[in-house]
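The values are calculated or read from the model by the stated rules, or taken from the named source; none is laboratory data. Note that this is a predicted model, so its numbers are computed, not measured. Every residue, glycine as well, gets a Cβ built from its backbone with ideal geometry; the counts of neighbours run over all protein chains shown.
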Amino acid sequence: MEFPGGYFNQHHASLNRLGLLERLHSNVTKLDILGFIATAFTTSSFLPQVWQTWKTRDVSGISLPTYLIITVGLALWLAYGILKADLPLIIANAVMVVLTGAITLMKILFERRA
């Protein structure tokens, strides 16, 4: 598939080198389905914390070092998933990096305003 401007073509080539395109175009296995189900549960586990923190602006019970460590760890798992071309790992960790990163950012911002 060709896109104008070259930007998407470069990323398409990068994904192809990592084997992600073949993985995305191949049949999803039963093991992948298990991975997607696990992804749904683990990823959604952070949603209540994000919502509660955003709604109340109360960050007193959140440990900044804990969320910094978990966010970095998840980012490393994301890199690992990309290198292995493991779609469930990529999706789970990409979403969780965003969610834990949001909690970390709210902890920093809301604590400064208090």
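Of all residues in segment 83-110, which are hydrophobic (A, V, I, L, M, F, W, C) and under 11 Å from the mean Cα position of the chain (by Cα)? Passing the criteria: LEU89, ILE90, ILE91, ALA92, ALA94, VAL95, MET96, VAL97, VAL98, LEU99.
What is the residue count in segment 73-92 for residues that are out of contact with any Gly (no Cβ under 6 Å at 6 or more places or on another chain) and surrounded by 14 or more Cβ atoms within 10 Å (Cβ to Cβ)? First the steps, then the outcome.
Kept after step one, since they are out of contact with any Gly (no Cβ under 6 Å at 6 or more places or on another chain), are these residues of segment 73-92: 73-84, 86-87, 91-92.
Adding the requirement that they be surrounded by 14 or more Cβ atoms within 10 Å (Cβ to Cβ) leaves 73-75, 77-78, 81-82, 84, 86-87, 91-92.
Residues that pass the stated criteria total 12.
Kindly indicate whether any position in segment 4-26 is within 21 Å of the chain's Cα centre (by Cα), assigned to a loop (DSSP other than H, G, I, E, B) and modelled with pLDDT of 65 or more. No, there is no match, as no residue in segment 4-26 is within 21 Å of the chain's Cα centre (by Cα), assigned to a loop (DSSP other than H, G, I, E, B) and modelled with pLDDT of 65 or more. Only one entry of ILE69, ILE90, ILE62, ILE82 meets the criterion of being over 30 Å from VAL28 (Cα atoms), part of a helix (DSSP H, G or I) and among the β-branched types (Val, Ile, Thr), and that entry is ILE69.
The conditions are (1) of a type in the set (A, V, I, L, M, F, W, C); (2) without any contact (Cβ under 8 Å) to a residue 24 or more places away in the chain; (3) in contact with a Leu (Cβ under 6 Å, 6 or more places away or on another chain), and ALA40 fails exactly one of them. Which is it? Of the numbered conditions (1) of a type in the set (A, V, I, L, M, F, W, C); (2) without any contact (Cβ under 8 Å) to a residue 24 or more places away in the chain; (3) in contact with a Leu (Cβ under 6 Å, 6 or more places away or on another chain), the odd one out for ALA40 is (3).
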